[in-house]
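The values are calculated or read from the model by the stated rules, or taken from the named source; none is laboratory data. Just so it is clear, the model here is predicted, and its values are computed rather than measured. So basically every Cβ, Gly included, is an ideal-geometry build from the backbone, and we count neighbours across all protein chains shown. SASA here: full protein model, heavy atoms, side chains in, ligands and nucleic acids out. Shrake-Rupley method; radii C 1.70, N 1.55, O 1.52, S 1.80 Å.
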Amino acid sequence: NLVVSANVGGNPTRINAGELQFRGVELAGALRPWQSFALRAGLALHDPKFVHFTAVTEEGTVESADGNQPELVAKRTWQLAAAYSPDHSVGGSVTVHGVGRRALDRDNVFFTKPYTTVDASVYVPVSRARFEIVGRNLTNQRFFTTDSELQDGLRYISAPRSILGRVSWTFCRNRCPG
């Protein structure tokens, strides 16, 4: 079953519109060449499509998207990451995410451009404290994330670049008493 938002008599509602098929493969791997350094990679290859999809447009015509790619679902995504995390000195990580083009409409006429984002962090341990700066979406890509559940065609946009600081404190170094 495929549940979508629809306008029935001027009121937003959810209806069963058909069937969706999602096939594919996801691969992931990690390599730790030494104790404090790790590399990770992932790849997803998908073949999402509407097996059966029928909807009524605002004009009252019946629309079929059978065999088309669902909105905002990428056929390809990937990720590469490197992390350096020594016990008692400066560490950090870098992660690069890639997402392929995605359909913007059920007719598969309009597509998004592929995008790449970068996240990174660096931390410094000082005694029992750890000071960290984290950057998300450092490439400042703005892309559609999901469709609104309230109305067809409304989409949420990703957050812009963000930089934040974190401080953590370790209360017990090895085993806590008790």
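List the GluC sites (Glu not before Pro) within the range 49-91 that DSSP assigns to loop and that have no more than 13 neighbouring Cβ atoms inside 10 Å.
Qualifying residues, ordered by number: 58, 59.
For Cα pairs less than 8 Å apart in space and 6+ apart in sequence, what is the mean separation divided by the residue count of the range 61-151, i.e. the relative contact order in percent?
Relative contact order comes out at 24 percent.
Could you pull the accessible area for residue 73 with a 1.4 Å probe, rounded to 10 Å²?
In the full protein context, residue 73 sits at about 40 Å².
For a quick check of understanding: with a 1.4 angstrom probe and all protein chains in place, what accessible area in square angstrom does residue 54 have, to the nearest ten?
Counting only protein heavy atoms, the figure is 50 Å².
Can you give the Rg/Rh ratio of the range 1-118, where Rg is from the C-alpha atoms and Rh is the Kirkwood radius?
So for the range 1-118, dividing Rg by the Kirkwood Rh gives 1.19.
If exposed means no more than 12 neighbouring beta carbons inside 10 Å and the site is in a DSSP loop, what's the longest run of the chain without any exposed chymotrypsin sites (Phe, Trp or Tyr not before Pro)?
1-109
At 1.4 Å probe size, with the rest of the protein present, what percent of the exposed accessible area of the range 30-178 is carbon and sulfur atoms?
57
Given the Cα-Cα distance of residue 34 and residue 80 and 0.36 nm per residue of separation, how much length would full extension add, in nm?
14.8 nm
Can you give the accessible area per residue of the chain, in Å², using a 1.4 Å probe?
Per-residue value: 67 Å².
To the nearest 10 square angstrom, how much accessible area does residue 52 have with a 1.4 angstrom probe?
About 90 Å², ignoring ligands and nucleic acids.
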